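Bear in mind these aren't lab numbers, they're just calculated from the coordinates by the rules spelled out. Quick caveat: nothing in here was measured; it's all calculated off a predicted structure. Neighbour counts run over all protein chains shown; Cβ positions are idealised from the backbone, glycine included.
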Amino acid sequence: MIALYGDGGHAVSIGGAVDVSLRVSDATYNSSNAGRYEWCVAIGDNQTRSRIAKKLALEGERFTSIVAPSAVVLSSVPEGTCVLHKAVIEPGCEIGKHSIINSGAVVCHNSKIGDYTHISPGATICGGVTIGDGVWVGAGSTVKEKVRIGDGSVIGAGSVVVSDIGESVMAYGVPCRIIRGLEKVHYGTEHARRDI
Ligand SMILES: CC(C)(COP(=O)(O)OP(=O)(O)OC[C@H]1O[C@@H](n2cnc3c(N)ncnc32)[C@H](O)[C@@H]1OP(=O)(O)O)[C@@H](O)C(=O)NCCC(=O)NCCS
């Protein structure tokens, strides 16, 4: 039985892709049912998704991956990650935990996507790209082959990323340029911290 944590737009998208037995929010999560469901944190914001995944892990909850029936997935998708409508993941990719490959996004061969990363609708990640943890690639962006994007960075919608982008920066445009720095966030694993 699949349970979703989240009541915003991303939860609506996932709910249209697979059968869901339970939906909760901060106000309605009940830890006395722990272990009964397999969870996906259905929240688009990477930091919030990470915080909730860690909270659920501490309660002893298990996570599931979610793959929409219309998606084409030729690499493995780990726990907590969801792949939405008509997304494509080609062979040879490594996809991180609790990430989102959103509707219509394409992740080409041999690319690496970190944990808690969000590839927004319609983005194209060309072959051999490396994207870190907690990265947000905006809708319709293209990341050129073999480019690397560091942990915690945000790539604005419609960008064309032609060269490496470091950690914890906001960047956008065609070609994509760094606009400003962002506060560093440590993602770690969902079992790593008890201070949440
Ligand atoms: C990059 C982004 C995070 C910046 O957000 P923000 O800090 O709130 O930025 P603002 O909207 O205040 O815009 C600030 C300036 O940047 C420009 N800008 C913002 N995003 C841009 C983008 N993607 N490409 C080009 N210019 C952009 C704005 O035009 C504005 O320019 P101005 O100062 O000359 O008027 C946001 O615009 C974005 O692209 N988000 C991704 C949305 C998305 O893909 N959603 C998918 C959800 S599933």
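Here is how the number arises for the chain: DSSP H runs of 4 or more residues each give -39500 (n - 2.57), the sum is divided by the residue count, and the result at 222 nm is -3000 deg cm²/dmol. Among the listed pairs LYS86/LYS184; LYS112/LYS144; LYS86/LYS144; LYS54/LYS86; LYS54/LYS112, those with a Cα-Cα distance over 24 Å are LYS86/LYS184; LYS54/LYS86.
Along region 124-132 the Karplus relation, 6.51 cos²θ - 1.76 cosθ + 1.60 evaluated at θ = phi - 60°, assigns HN-Hα couplings of 10, 9, 6, x, x, 7, 10, 10, x Hz to successive residues, with x for each Gly and Pro.
With contacts taken as Cα pairs under 8 Å and at least 6 residues apart, region 1-150 reaches a relative contact order of 15 percent.
Amide H contacts for TRP39 (H built 1.01 Å from N in the peptide plane; partners 5 or more residues away or on another chain; cut-off under 5 Å): ALA3, ARG62, PHE63, THR64.
Taking the Cα centre of the chain as the origin and placing charges on Cβ (Lys, Arg +1; Asp, Glu -1), which of GLY35, VAL143, ILE131 is farthest toward the positive end of the dipole? Final value for the positive-end residue is VAL143. Considering only alpha-carbon pairs that sit under 8 angstrom and 6 or more positions apart, the relative contact order computed for region 66-181 is 15 percent. I'd like the orientation of helix 46-58 relative to the chain: the angle between its Cα long axis and the longest Cα principal axis, in ° from 0 to 90, rounded to 10. Computed tilt is about 30 degrees. Of the beta bridges in region 91-196, as assigned by DSSP with both residues counted there, near 15 percent are antiparallel. Considering only the chain, what is the antiparallel percent among its DSSP beta bridges, to the nearest 5? For the chain, the DSSP antiparallel bridge percentage is about 10. Identify which of ALA27, ALA42, ALA171 has the largest mean-square fluctuation in a Gaussian network model of the chain, with springs joining Cα atoms closer than 10 Å. Among ALA27, ALA42, ALA171, the largest mean-square fluctuation in the Gaussian network model of the chain belongs to ALA27. Straight-line reach from LYS55: which aspartates and glutamates have a Cα under 14 Å away, not including same-chain ones fewer than 8 places off? Excluding near neighbours in sequence, the set is ASP26, GLU190, ASP195. For LYS112, the residues 5 or more places off, or on other chains, whose built amide H falls under 5 Å of its own are GLU94, VAL129, THR130, ILE131.
The phi torsions of region 177-182, fed into the Karplus equation with coefficients 6.51, -1.76 and 1.60 and a -60° offset, translate into couplings of 10, 6, 9, 6, x, 10 Hz, rounded to whole numbers, with Gly and Pro shown as x. Amide H contacts of VAL169 (H built 1.01 Å from N, in plane; Pro and chain starts excluded): SER153, VAL154, LEU182 sit under 5 Å, all sequence-distant by 5 or more or on other chains. The longest part of the chain holding none of the exposed loop trypsin sites (Lys or Arg not before Pro), meaning those outside H, G, I, E and B in DSSP with at most 10 other Cβ atoms within 10 Å, is 1-183.
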